[in-house]
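Rule-based calculations on the coordinates, nothing more; no lab input. Note that the structure is predicted; figures quoted are calculated from it, not measured. Backbone-built Cβ (ideal geometry, glycine too); neighbour counts: all protein chains shown.
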DNA sequence: CAGCATACGGAGCTAGGATTCCGTTTGTCA
DNA sequence: TGACAAACGGAATCCTAGCTCCGTATGCTG
């Protein structure tokens, strides 16, 4: 199971049941005794990941600076999906794919992220029209870079460019810099 | 063929050969007489689209203002893929998927876009570290919003947020505005 | 109109991958 | 140790979707 996770991370949903079983050192029958169907197996894996995700968001909430908190969820979430192709897909399609029984995990995540965005908006450190839906949309985009352009493009650049578009104009930074956004959560206004 | 395009646009590569044939009002055999394999059929469709794409880019080159030119390719490209799920996928994965015999079309596109980016960079109207690879990356992201969040998110917002991150800081605009970036190619500096 | 060539249609073949089923192994309790 | 139960393994089955093949329809030529 936890061994299957590695395969799932590498190949995504196209990992085959035989491979997963072999990789875990068990027979196919055994896999099916634990999970009635392939989808159930994938769902279980995705649910665990979503839980980690919610934890990241809740942790970020404890950061005082509103902008730093938001940047931390975004960066943290991105880092969390890096290298897990299966979860990347789940993340991108998380809207339509009604993964049975993930509602709870997802709700916790959504709530935490929502609060963080609200705080940043109130503080005026991000573009005032930024919404929760935007968050999902941008995460989807960054994740797509990881998934579709694994070698040829650097998702961290994508992330920093997007963050530049999210911050309120006066806060924009990371311009003309190293481009990888190595800057920490410092928040002194630019200019 | 052109009828199959409609199905391909709606369903992407998962459109089935029988459906495509039926939709075109012919037998499967006939489809296979025109295209030796499913992949060949998809490739032919994608190639046509790529050609349109290159035209968009070449047209954008004729715009004098360097920033407006860049924005036009990006917006134009995005609009061109809207509603074509098949091409959206091709666009996102265009790096690894070595679609046989698209090299030429793709090269023309790449060249035009490269020139536009170079011009914008020289003029100092975009973040100085912006590269051609970034373009592909960001387009991939915007396209992923169309593909994965068809109803729930507005890719035009994604586009505008990203553009805000691409422009040089002094040029940033579209903040606190309507958010849909209805602004035309006007380029007067903000503040 | 007969004969030949070209294009068509779609039943059937085949391969890949999820799922099932049953004989075997391992573990537990008296 | 013997009997029963629980967990296992993996060959066999089923299903789906791409592709092949051959009998038929259409059209052209003399």
Quick one: with label points 7 Å out along Cα→Cβ, list the inter-copy distances for residue B:76 in nm, shortest first?
4.3
Please find the FRET efficiency linking residue B:62 to residue A:152, where r is the Cβ-Cβ separation and R0 is fixed at 35 Å, and quote it to the nearest 0.05.
0.75
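Just tell me how shielded A:114-127 is by partners: mean number of partner chain Cβ atoms within 10 Å of each residue's Cβ, no decimals.
So the per-residue partner count for this stretch is 1.
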For segment B:99-172 the translational diffusion coefficient, Stokes-Einstein from a Kirkwood Rh over Cα pairs at 4 °C and viscosity 1.567 mPa s, in µm²/s, is roughly 94
How far, in nm to one decimal, is residue A:110 from itself in the other copies if the label point is set 7 angstrom along Cα toward Cβ? Shortest first, please.
4.2
What is the mean number of Cβ atoms from other protein chains located within 10 Å of the Cβ atom of each residue in peptide B:143-153, rounded to a whole number?
6
Rank by packing, highest mean first: peptides B:144-155, B:23-34, with packing defined as the count of other Cβ atoms within 10 Å averaged across residues.
B:144-155, B:23-34
Please report, for residue B:93, the nm distances (one decimal) from its label point, 7 Å out from Cα along the beta-carbon direction, to the equivalent points in the remaining copies, shortest first.
1.2
Restricting things to Cα coordinates, could you compute the convex hull volume per residue of segment A:15-147 in Å³?
106
In units of 2.2 N^0.38 Å, what is the alpha-carbon radius of gyration of segment B:45-85?
1.18
